[in-house]
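Asks: Just passing along the structure, written as structure tokens.
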């Protein structure tokens, strides 16, 4: 079964009902059966962005602990490749979490991603493959 990449914006929208894309994220997640994979940079960003929402960080970590959010990525083993991705997209001000997800796409062999970040329409993984954004952006 192919995994689905999980980005910060989708986690934030799932947990914060006031977010514009909350319902779209929830509906997308409800239709998926594949494992959700992410990286620690996405988890850290999500916890930071939701720091004012009581219980949000705990909910995120609960999802990591239960395996709902899988983290098969170790930056220590991929730092060189992630650094090259940061350099490649330096004109777009790519952040560490996005660069890790681009690398993870190649490692996992999938461009399916739950994200609200339109930069993933520009980023490429593997041999110049496009990402497939599972949440329609308006």
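None of the figures in this text is laboratory data; all of them are computed from the coordinates on show. What you are looking at is a predicted structure, and each value in this text was computed from that prediction instead of being measured. Glycine also receives a Cβ, built like all others from the backbone with ideal geometry; neighbour counts cover every protein chain displayed.
Asks: What distance in nm lies between label points placed 7 Å from Cα along the C-beta direction at residue 2 and residue 84?
Replies: 2.3
Asks: Also, I was wondering about something else. Relative contact order for the chain: what percent, with Cα pairs under 8 Å and sequence separation of 6 or more? Please list the in-between numbers first.
Replies: Details: 191 pairs, mean separation 42.2, N = 138.
That works out to 31 percent.
Asks: On a full-extension model of 0.36 nm per residue, what is the gain between residue 44 and residue 122, subtracting their alpha-carbon distance, rounded to one decimal in nm?
Replies: Values: separation 78, 0.36 × 78 = 28.08 nm, distance 2.36 nm.
This chain segment gains 25.7 nm when fully extended.
Asks: Working out 0.36 nm times the residue gap between residue 32 and residue 95, then minus their Cα-Cα distance, what length gain in nm do you get to one decimal?
Replies: Values: separation 63, 0.36 × 63 = 22.68 nm, distance 2.66 nm.
Gain in length upon complete extension: 20.0 nm.
Asks: In cubic angstrom, how much convex hull volume per residue do the alpha carbon atoms of the range 16-61 span? Display every interim value, and only then the final one.
Replies: Values: hull volume 3.9 nm³, N = 46.
In the range 16-61, the Cα convex hull volume per residue is 85 Å³.
Asks: Same structure, new question: Please list, short to long, the whole-number percent of alpha-carbon pairs of the range 4-133 in consecutive 10 angstrom bins beginning at zero.
Replies: The calculated distribution, bin by bin, is 12, 46, 34, 8, 0.
Asks: Helix-derived [θ] at 222 nm for the chain: sum -39500 (n - 2.57) over DSSP H runs of at least 4, divide by residue count, nearest 500?
Replies: Details: 6 runs with 65 residues, N = 138.
Rounded to the nearest 500, it is -14000 deg cm²/dmol.
Asks: For the chain, what is the percent of antiparallel DSSP beta bridges, rounded to the nearest 5?
Replies: Working: 2 of 10 bridges.
Bridges in the chain that DSSP calls antiparallel: roughly 20 percent.
Asks: Quick one: give the max-minus-min coordinate of the C-alpha atoms of the range 78-138 along each principal axis, largest first, in Å.
Replies: Reported extents, whole Å, longest axis first: 33, 24, 18.
Asks: Using Cα atoms only, what is the angle between the long axis of helix 96-108 and the major principal axis of the chain, expressed in degrees (0 to 90) to the nearest 10?
Replies: 70
Asks: While we're looking at this one, here's another question. I'd like to compare 3-10, 32-39, 70-77: which one has the highest average count of other Cβ atoms within 10 Å, and what's the full order after that? Kindly include the intermediate steps, with their values, before the conclusion.
Replies: Values: 3-10: 24.9, 32-39: 17.6, 70-77: 12.6.
Sorting 3-10, 32-39, 70-77 by mean packing, highest first, produces 3-10, 32-39, 70-77.
Asks: Further, regarding this structure: Going by a ≥ b ≥ c, the root eigenvalues of the Cα gyration tensor, does the range 37-107 fall in the rounded group (a/c under 1.5), the prolate group (a/b larger than b/c) or the oblate group?
Replies: Working: a/c = 3.16, a/b = 1.61, b/c = 1.96.
Oblate.
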